[in-house]
Structures are given as structure tokens and as C-alpha cells.
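Undergrad: The structure under discussion is supplied below as C-alpha cells; questions concerning it will follow.
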Amino acid sequence: MSATGIGAAVRRKEDFRFITGTGHYTDDEVRPGETRAVFVRSPHARAKINSIDASAAKKMPGVVAVLTGAELAADKVGNLICGWMITSKDGSPMKMTPHPALAADTVNYVGDAVAVVIAETQAQARDAAEKVKIDYQVLPSVTDTAKAKAGPQIHEVAPKNTIYEWSLGDAKATDAAFAAAKHVTKLDIVNNRLVPNAIEPRVALAEYDAGNDSLTLWNTSQNPHVARLVISAFVGIAPEHKLRVIAPDVGGGFGSKIFIYPEEVVCLWAARKTRRPVKWTSERSEAFLCDAHGRDHVTHAELALDEHGKILALRAHTIANLGAYMSTFSSSVPTYLYATLLSGQYDIPQIYCEVDAVYTNTVPVDALRGAGRPEATFVVERLVEVAARQMGIDPADLRRRNFIKSFPHQTPVIMAYDAGDYNASLKKALELADVKGFNKRKRDAARHGKLRGLGYSTYIEACGIAPSQAVGSLGCGVGLWESAEVRVNPTGSVEVLTGCHAHGQGHETTFAQLVSERLGIPIENITVVHGDTDKVQFGMGTYGSRSGAVGMSALVKALDKVEAKAKKVASHVLEASESDIEFKDGKFTVAGTDKSAAWGDITLQAYVAHKLPWGDVEPGLSEGAFYDPANFTFPAGCHICEVEVDAETGKTEIVNWTAVDDFGTLINPMIVEGQVHGGVAHGIGQALLEHAVYDKDGQLVTGSLMDYAMPHAHDLPSFKVETTETKTPSNPLGLKGCGEAGAIAAPAAVINAITDAIGSEELTMPATANVVWSAIQRAQPARQAAAE
Ligand code: MCN
């Protein structure tokens, strides 16, 4: 391993600009003559728009334009769409409703955009927005997931507010397995609704070039090429070659910046209409209302076991709240990943799962760090833990008895796991967490009035969506491959162009590490370029922890081509046969001789090729490649959480956290550890603190950071993070994604630990002090009876 190659804990190259304040974010981009956009948003969960009077607003100082949904429709700006199809079990397609970027007839959630005010300054736009008079006729609404089907019908296309009723697995065989079971564990589970809250709010800036009739959009996007594709192909604002999308530095996304939002479409449309650059910068309270939320599942789940604790079957019915519209472009992905990961790490012969996706009068719900996999893990890991407690089996032992032990393994719910050693991670985690010493720690805690508990989560994840695995019950096989281009300069320095988009994950370092390892050049001589559709030809962006597994695999392919070509050049330069050329540590050598040439000599020759016979070797040394993943990768691991609960107040303190994850080959262990820390913090937030709550009138009552609790440093323990390693055979580097693992594992570990501490399984997330205290009180009579 070289000091900057694969496996080295290289410090993140990009951090210099981030910590010195020289990063360049979308809001930092300022165009000559730039105007500001402020949106007028619905204050109602559901209402008919009777009229919009913009006359007073138009007369306000600095106002350039006030635009509405009627004008958007008149200009034939198309609707936003969800590109991921799921078919109901009766064969009917999902019920997707038109989603205009500005509502013209009805509004469907508090925050739905109705009009936009464009003015010279932000303050002028805000003042004028207050003067737009809208006459609404308020209509009945529904926000509660469980009651959505019985609520007033929101969209004509979707009776009972049902988008699809999807099922996976064999219902009859699963029922038969349940009928034969000796033990059945049943749970009602709510996966709480979360707000993404990336530190940088969303921003869109659009500029129209009248001379070329072209548009440029700078936006906070995780996937600028997909934004361009959707905006040109479906919304129809401009053809692809007349639209450039640039996503510069992005301050976190966690999934919420995958989607193409109304504001981006409106800014582009308004820029062309007004012939002025238009910028919209979200405010934090606006982000609460308009950024796609995550999770929001209501599930009934059951686990069937035989008398030895062998799992026979799993059955789950979930209502998934997708909000007022399907979000662009992936609303169905979390439900897909949820259902297909219900096997967990276990060899479960039969699984039957039903997912009812519903509309409600809430902001759209889509992928948020984990996207379906935290929901699945929570269901499986709660069931297994509770079953163990009910059957009097040690929870680690019950897991061990049921782990999948040989690979490849085909689950009953589409996924084909390729590699893993679940027992190895469990074993290491048990040692690191000193589980043997837990009982003593529990007794010590009891002496000072604290309840100690231990919770496990042996999670599995699927990363890097493989088109071949994504078909099946889905309506389409989306091409989620990735591109990479290696541009070698004559002096030997390298630019890597990738279709992935880093927004905190450190790609500028890890992608450069791979190049440094392969070409033997210093990491300082490598630049990673991403996020600009004019520079990178195509890419699918970053989400689903795919950049390592898919994006870097494309880079491996491109580097293979570069190396092959460089060897060809070297054979002419060194006057030897191509098969005799060896390349190692940045040096080309003729086998068995001392004839050699450095990387820089060969790159120079490749461009200034006086020794090259034209025709045999074309000049230049830049190559590109696409990588098409044959399968998902399946990171997995074991997280163990130890808590102390104050029985008097219900306050939970996480006192120990052990994470042992298997991400296959590690490119940069320090970056990976950082990703695990971030993910676990996210998952602890879901378990203990975060909750987006709508009241019965559809108002988001936790709509600010005063009411919506995010984890702080003092809420988090010191993490013990270790890894095990089984390389995946599904990509050339043998690596599996790591960016979401913590968020997937953590909620189940926390809740399993608290329920262990308080001796009651009736606990909902977020397990705030009030929720835990109430559960303790409810469990009191049973505890007393047991003691007597
Ligand atoms: N890596 C590695 N070795 C591995 C696997 C990955 O060194 N075996 C490195 C990768 O090269 C990359 C990083 O770890 O630098 C994360 O890689 P990967 O797991 O492939 O995830 P992505 O790069 O595709 O990032 C997406 C993932 C997701 S889906 C969410 S959500 C998320 C996350 O990353 N959002 C984040 N981490 C985030 N981190 C920050 N700071 N901000 C976000 O918004």
C-alpha cells in the first residue's frame, strides 16, 4: 500500500477549501443583473385556488415579475414526474398525479408553491410576496398515514388515496409457514417522519443566454445530469444541448438533493421570461416545508419461528406515506428497497410483504439516508430481538442460529446476496462492546437508580442499484450505471471526470487515491472534477452509497484503458515488444532489462509523439468508461448500543456504541469511519429526537429547529468503530458502500437497548424522555406483578 493509495488514511484534499471558507456553493455564484425569487406558498393543507390577485404586488418597489401557475401552464411548462414505476398486485400501474411546479387549481400541502415574485433584492421580493392576494376555498385534508385511505380523496387519479398496493413474496407459502410455527412475534411499528436538514439549504440560480437561446442552472444537486435530463425530456424547458446544469460545492444532501424540485423549474422558466438571472435561496423554515421528508411508515409485522428459534417466515404490511405528490424522480425507491431488504442477514425461507403507498396532504416523502433500508432493518431487528426475549434465547445467539452462512444467497424478496460473514462482525462486536461484562454494569447502574440496556442491530444494506436486479416487480429497469473519464495531461498530471457528485463524502480524495495507486503519481497531481454537465458527459449522481461501488468501478475500467494505451506508447519509446512492458509504481520497464521510462516521459510522448508511428498508436492518453453493476453490493455489520435510562425522568443516555461493519475493501479507512459516525448520528437522531409532526389541519408543528430536535455532540457517545472484510465479487475493487450504514443500523440498536433497559417493548420513535417515561409507567404493574 502506498502512502496515498488504496487503504491509506489520507486527509481529505477538499477540506482545505471547506475549512478556510474558500468553497464555492451555489449561493456564492452571483451573475450580473441577478434578481431574487421568493415563493408564495399555500398556508392550507388542501384548498381550491379561486383567484390570485397580483396587482398590488406588481406595483411594489423593485418587482420585476409576479408569475403564477396559470402562466406556467400557458407557457406549456411540463409537470414534474416520478420515474420509478411500481405496479400494484392487481397489475394496475401506480397512480401518479400531475405535479405542476406552481399549483394552478388546487394546493395539496402547506408549502405548495402557488406564485413566485421576482425582484431586484431579496427583501423587495419578500415584501411583494406578502401583497399577493390569493382567495382559497379550504377543502378537507388528511395527513395521518394510517388514516390516509379513509381520508378525503386528494387526487382524481387515486381512489382511496392509494398510489399502489404492491406485494412481494409468496403469500400462501408464508401463511403455511406461520400455521406450522411454534412461536409468533407480532409488532406494530412506526418509522417516524424525518426532515433532512442539510446544513446548506437548497438554492437554484438560472441564467438565460438570449444570443444562444440557452439556459444555465446552478443548483444544490446530488445529480446534475439527471436534473438536466428530467428538465429537458419531461418538463420540456429546453433541450439538453441548450441546458447546462452546474452543481458546485454542496453542503450535504442526505438524499434530499436528489430530486428535481419545483423551484428549479420555476427559476429556469422565469429567467427566460424576464431575461434576467433568477436566484432562489431557501430559508430554513422553507426547507422544513418544501424539502422532501423521509421515512413515515406504519407497519404491522410478524415473525414465525420453530421451537429451536429457527426463523420460518416473516410477514409485513406497511403503509408508506409518499406525501401530496410523488417526488421527482424516485418516490418509489425507498419502498422498493424496504421490501427487498426484509430478509435482513437471515436465512428466512418465506417472506410476504405488502406495501400500500398513499397520498396525504404533506410534503412529498422520498429517500433520506438509508431510503427504505432503515425502515426494513428496524422491522427485522426489532422482530428478532423481541422474539429472542419472548423465547428466552440470548438475542445474539438467536441471530447466530439464523444467519445466512453460504453465498451467493437468493432471498425470497428479489435480492441475491453475494458475499458476507455476519458471524465475524457479530463476534468482533461482542468482544469490543464487552458484552460479557454487561450484567455487572447493569447491576452497578441499578445501584444509582439507572436502568441499563443492551441492543443489537445486525443490519444489511444494498448499495449501488443494479439495473438487472431492479427489474422484476418494477415497471422499468433504470440504467443506474456510472461514467468516468481519465484525462491525462502531457506532463503526467491527471483529471478525473466522474458522474458522481460529492457533497461531503470525500470523493476528491478517494477517487484520487485510486488513481495514485494505479498510476503511481502523487495525489497532489490528480484533480477530481464533477458536478457540471458541460464538463462531464453523463452521470447518475450520488445516492444509495453507490459512488464507491459503481463510480470507482467505472474509474477502474477507464484506468485499465489508460494503462493499456500507455504500455503501447512505452513499447515504442523503449523499443520493446508490448508484452514485455511492465508498469509498476509509475515506472515502465522492459522485462528482464534495465531499460525504463517514467510515467511523465510516456505521457509526454503520448502527446508530443515524435517516436510514435502514427496509425499504430493514436496520440493522447485520455480514456473514458461506463460501468454497469452486475449486482448490488451488500454492506452488513453489527452495531451494539448500550444505554442508561433514568427511571425517574425517562431520559436516555447512550453510554457505549460499538460498530463493526463489513464494507469490503476500504479505500480510505478514515473517510469510512467518518461516514459511519455521521450515519450513526443520523440514526440516533431518528431513534431519540427527530420527528416531523403535522397537526390535523396539516400544519407542520415541528417546522423549525426550535421544535424539531436534531442530535448535538452531547447526545452522542464516543463510537468504537471497527471493520471486518469480505470483498464483494460484484465489482473490481471488492468494495461495498458505507455512506448510509450507520443510519440503517442505529435506530434498531437504540430502541432494542432502551426496551431491554425498561423491560417493555411498547416504545415508539423518537424515544424522547416523555415517551420512555410513559412506557416505564405503563410497564410498572407488570414489573411489580413479576417481582411479587
Ligand atoms: N469509501 C471507501 N471505502 C469503501 C466504501 C466507500 O473509502 N469500502 C469512501 C468512498 O470513496 C467515498 C465515501 O467513502 O469517499 C462514501 O462512499 P459510498 O459509500 O460509496 O457513498 P457515496 O459516495 O455514494 O455517498 C452517498 C451516501 C449517501 S447515500 C448519503 S444519504 C450520504 C452519505 O453518503 N449523505 C451524506 N454520506 C454523507 N456525508 C456527508 N458529509 N453529507 C451527506 O449529505
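The values are calculated or read from the model by the stated rules, or taken from the named source; none is laboratory data. Remember, predicted model here, so these are calculated numbers, not experimental data. Quick reminder, even Gly has a Cβ in these numbers, built from the backbone with ideal geometry, and neighbours come from all protein chains shown. All accessible areas refer to the heavy atoms of the entire protein, side chains included, with ligands and DNA or RNA removed. Shrake-Rupley method; radii C 1.70, N 1.55, O 1.52, S 1.80 Å.
Undergrad: Please work out which one of (1) within 16 Å of the ligand (Cβ to nearest atom); (2) at pLDDT 95 or above is the condition residue 730 fails and give its number.
TA: (2)
Undergrad: Shifting gears a bit: Scan the range 597-612 and tell me whether some residue there is open to solvent by 30 Å² or more (accessible area, probe 1.4 Å), in contact with a Pro (Cβ under 8 Å, 6 or more places away or on another chain) and not in a helix (DSSP H, G or I).
TA: Yes, some residue in the range 597-612 is open to solvent by 30 Å² or more (accessible area, probe 1.4 Å), in contact with a Pro (Cβ under 8 Å, 6 or more places away or on another chain) and not in a helix (DSSP H, G or I).
Undergrad: Considering only the range 478-532, state which residues are part of a helix (DSSP H, G or I) and more than 16 Å from the ligand (Cβ to nearest atom). So that I can check it myself, show each step before the final result.
TA: Initial filter on the range 478-532 (part of a helix (DSSP H, G or I)): 507-519, 523-525.
Matches in the range 478-532: 519, 524, 525.
Undergrad: Can you find, within the range 675-711, the residue that is farthest from the ligand (Cβ to nearest atom) among those that are closer than 30 Å to residue 510 by Cβ and open to solvent by 40 Å² or more (accessible area, probe 1.4 Å)? Working first, answer last.
TA: The initial filter retains those residues of the range 675-711 that are closer than 30 Å to residue 510 by Cβ, namely 675-687, 690, 710-711.
In the following step, the residues that additionally are open to solvent by 40 Å² or more (accessible area, probe 1.4 Å) were identified as 677, 710.
On the way: 677: 10, 710: 14 Å.
Among those that are closer than 30 Å to residue 510 by Cβ and open to solvent by 40 Å² or more (accessible area, probe 1.4 Å), it is 710.
Undergrad: Go through the range 712-727 and give me each residue that's open to solvent by 70 Å² or more (accessible area, probe 1.4 Å) and either over 30 Å from residue 665 (Cβ atoms) or within 12 Å of the ligand (Cβ to nearest atom) (or both).
TA: Filtering the range 712-727 down to residues open to solvent by 70 Å² or more (accessible area, probe 1.4 Å) leaves 712-714, 718, 720, 722, 725, 727.
Within the range 712-727, 712, 713, 714, 725, 727 meet the criteria.
Undergrad: Can you tell me which residue among 311, 246 is of a type in the set (A, V, I, L, M, F, W, C), in contact with a strand residue (DSSP E or B) (Cβ under 6 Å, 6 or more places away or on another chain) and surrounded by fewer than 21 Cβ atoms within 10 Å (Cβ to Cβ)? Give the steps one after another, and end with the answer.
TA: On the way: 311 fails: surrounded by fewer than 21 Cβ atoms within 10 Å (Cβ to Cβ).
Step by step, each of 311, 246 is checked, and only 246 is of a type in the set (A, V, I, L, M, F, W, C), in contact with a strand residue (DSSP E or B) (Cβ under 6 Å, 6 or more places away or on another chain) and surrounded by fewer than 21 Cβ atoms within 10 Å (Cβ to Cβ).
Undergrad: State the number of residues belonging to the range 740-779 that are open to solvent by less than 20 Å² (accessible area, probe 1.4 Å) and in contact with a strand residue (DSSP E or B) (Cβ under 9 Å, 6 or more places away or on another chain).
TA: Result for the range 740-779: 22.
Undergrad: Let me ask something else about it. For residue 10, work out the one condition from (1) open to solvent by 40 Å² or more (accessible area, probe 1.4 Å); (2) more than 24 Å from residue 282 (Cβ to Cβ) it doesn't fulfil.
TA: It fails just one condition, (1).
Undergrad: Show the residue pairs that are 6+ apart or on different chains and have beta-carbon atoms under 9 Å apart, the first residue being within the range 243-269 and over 24 Å from residue 546 (Cβ atoms), the second being within 13 Å of the ligand (Cβ to nearest atom).
TA: Between residues of the range 243-269 that are over 24 Å from residue 546 (Cβ atoms) and residues that are within 13 Å of the ligand (Cβ to nearest atom), the close pairs are 263/202.
Undergrad: If I filter the range 638-653 down to residues being part of a loop (DSSP other than H, G, I, E, B) and open to solvent by 10 Å² or more (accessible area, probe 1.4 Å), which single residue comes out as nearest to residue 336 (Cα to Cα)?
TA: Here is the first cut: in the range 638-653, the residues part of a loop (DSSP other than H, G, I, E, B) are 647-651.
Now drop any that are not open to solvent by 10 Å² or more (accessible area, probe 1.4 Å), which leaves 647-649, 651.
Details: 647: 39, 648: 42, 649: 39, 651: 35 Å.
Checked the range 638-653; the qualifying residue nearest to residue 336 (Cα to Cα) is 651.
Undergrad: Evaluate the range 626-637: report whether one residue or more is of a type in the set (A, V, I, L, M, F, W, C), modelled with pLDDT of 95 or more, open to solvent by less than 10 Å² (accessible area, probe 1.4 Å) and assigned to a strand (DSSP E or B).
TA: Yes, that holds for at least one residue.
Undergrad: Would it be correct to say that residue 102 is in contact with a Lys or Arg (Cβ under 8 Å, 6 or more places away or on another chain), open to solvent by less than 30 Å² (accessible area, probe 1.4 Å) and outside any helix (DSSP H, G or I)?
TA: Details: in contact with a Lys or Arg (Cβ under 8 Å, 6 or more places away or on another chain): no; open to solvent by less than 30 Å² (accessible area, probe 1.4 Å): yes; outside any helix (DSSP H, G or I): yes.
So residue 102 does not fit the description; no.
Undergrad: For a quick check of your reading: which strands (runs of 3 or more DSSP E) sit entirely within the range 1-93 and have at least 3 residues that are touching a Phe, Trp or Tyr at 6+ places or on another chain (Cβ under 8 Å)? Working first, answer last.
TA: Details: elements: 35-41, 47-53, 63-68.
Correct list: 35-41, 47-53.
Undergrad: Are any of the residues in the range 344-364 within 16 Å of the ligand (Cβ to nearest atom) and under 16 Å from the mean Cα position of the chain (by Cα)? So that I can check it myself, show each step before the final result.
TA: Taking the range 344-364 as the starting set, the residues that turn out to be within 16 Å of the ligand (Cβ to nearest atom) are none.
Scanning the range 344-364 turns up no residue that is within 16 Å of the ligand (Cβ to nearest atom) and under 16 Å from the mean Cα position of the chain (by Cα).
Undergrad: Part of a loop (DSSP other than H, G, I, E, B), crowded, with 18+ Cβ neighbours inside 10 Å and either more than 16 Å from the ligand (Cβ to nearest atom) or not small (Gly, Ala, Ser) (or both), is that true of residue 656? Steps first, answer last, please.
TA: Details: part of a loop (DSSP other than H, G, I, E, B): no; crowded, with 18+ Cβ neighbours inside 10 Å: yes; either more than 16 Å from the ligand (Cβ to nearest atom) or not small (Gly, Ala, Ser) (or both): yes.
No, not satisfied.
Undergrad: Restricted to the range 368-422, and to residues that are more than 16 Å from the ligand (Cβ to nearest atom), crowded, with 22+ Cβ neighbours inside 10 Å and of a type in the set (Lys, Arg), which residue is nearest to residue 169 (Cα to Cα)?
TA: 382
Undergrad: Among the residues of the range 533-548, which ones are more than 8 Å from the ligand (Cβ to nearest atom) and within 17 Å of the chain's Cα centre (by Cα)?
TA: Pass one, the range 533-548, residues more than 8 Å from the ligand (Cβ to nearest atom): 533-541.
Correct list: 539, 540, 541.
Undergrad: Here's another thing I want to ask about it. State which residue is farthest from the ligand (Cβ to nearest atom) when the search covers only the range 559-584 and only residues that are within 25 Å of residue 664 (Cβ to Cβ) and out of contact with any Phe, Trp or Tyr (no Cβ under 9 Å at 6 or more places or on another chain).
TA: For the range 559-584, the residue satisfying everything is 584.
Undergrad: With the condition kept exactly as written, say whether any residue in the range 506-527 is β-branched (Val, Ile, Thr) and either open to solvent by 40 Å² or more (accessible area, probe 1.4 Å) or free of Cβ contacts under 8 Å to residues at least 40 places away in the same chain (or both).
TA: Step one: list which residues in the range 506-527 are β-branched (Val, Ile, Thr), which gives 509-510, 515, 521, 523, 526-527.
Pick out the ones that are also either open to solvent by 40 Å² or more (accessible area, probe 1.4 Å) or free of Cβ contacts under 8 Å to residues at least 40 places away in the same chain (or both) and you get 526-527.
For the range 506-527, residues β-branched (Val, Ile, Thr) and either open to solvent by 40 Å² or more (accessible area, probe 1.4 Å) or free of Cβ contacts under 8 Å to residues at least 40 places away in the same chain (or both): present.
Undergrad: Can you confirm whether the range 751-761 contains a residue that is more than 23 Å from the chain's Cα centre (by Cα), among the hydroxyl-bearing types (Ser, Thr, Tyr) and within 14 Å of the ligand (Cβ to nearest atom)?
TA: Our first condition is that a residue be more than 23 Å from the chain's Cα centre (by Cα); within the range 751-761, this holds for 752-761.
Filter once more, keeping what is among the hydroxyl-bearing types (Ser, Thr, Tyr): 755, 760.
Among the residues that remain, those that are also within 14 Å of the ligand (Cβ to nearest atom) are: none.
Checking the range 751-761: not a single residue is more than 23 Å from the chain's Cα centre (by Cα), among the hydroxyl-bearing types (Ser, Thr, Tyr) and within 14 Å of the ligand (Cβ to nearest atom).
Undergrad: Taking the residues in the range 476-505 that are of a type in the set (A, V, I, L, M, F, W, C) and more than 16 Å from residue 667 (Cβ to Cβ) as candidates, determine which candidate is most open to solvent (accessible area, probe 1.4 Å). Spell out the reasoning first.
TA: Going residue by residue through the range 476-505, those that are of a type in the set (A, V, I, L, M, F, W, C) are 476, 478, 480-481, 484, 486, 488, 494, 496-497, 500, 502.
Retained after the next criterion (residues that are more than 16 Å from residue 667 (Cβ to Cβ)): 476, 478, 480-481, 486, 488, 494, 497.
On the way: 476: 35, 478: 28, 480: 6, 481: 95, 486: 0, 488: 3, 494: 2, 497: 4 Å².
If we take residues in the range 476-505 being of a type in the set (A, V, I, L, M, F, W, C) and more than 16 Å from residue 667 (Cβ to Cβ), then 481 is most open to solvent (accessible area, probe 1.4 Å).
Undergrad: A further question follows. What are the residues in the range 613-623 that are open to solvent by 30 Å² or more (accessible area, probe 1.4 Å) and either closer than 24 Å to residue 407 by Cα or touching a residue at least 60 places away in the same chain (Cβ under 8 Å) (or both), if any?
TA: Residues of the range 613-623 open to solvent by 30 Å² or more (accessible area, probe 1.4 Å): 613-616, 618-619, 622-623.
Selection gives 622, 623.
Undergrad: Suppose we filter 91, 62, 69 for residues that are of a type outside the set (Val, Ile, Thr) and surrounded by 21 or more Cβ atoms within 10 Å (Cβ to Cβ); which single one remains?
TA: Working: 91 fails: surrounded by 21 or more Cβ atoms within 10 Å (Cβ to Cβ); 62 fails: surrounded by 21 or more Cβ atoms within 10 Å (Cβ to Cβ).
Checking each option against the conditions leaves just 69.
Undergrad: Could you pull out every one of the strands (runs of 3 or more DSSP E) wholly within the range 118-232 that has 2 or more residues that are among the aliphatic types (A, V, I, L, M) and open to solvent by 30 Å² or more (accessible area, probe 1.4 Å)?
TA: Numbers: elements: 133-138, 162-169, 183-194, 203-209, 214-219.
Answer list for the range 118-232: 133-138, 183-194.
Undergrad: Given 301, 287, which one is open to solvent by less than 10 Å² (accessible area, probe 1.4 Å), of a type in the set (A, V, I, L, M, F, W, C), more than 27 Å from residue 176 (Cβ to Cβ) and at pLDDT 95 or above? Can you show your working first?
TA: Details: 301 fails: more than 27 Å from residue 176 (Cβ to Cβ).
Exactly one of 301, 287 is open to solvent by less than 10 Å² (accessible area, probe 1.4 Å), of a type in the set (A, V, I, L, M, F, W, C), more than 27 Å from residue 176 (Cβ to Cβ) and at pLDDT 95 or above, namely 287.
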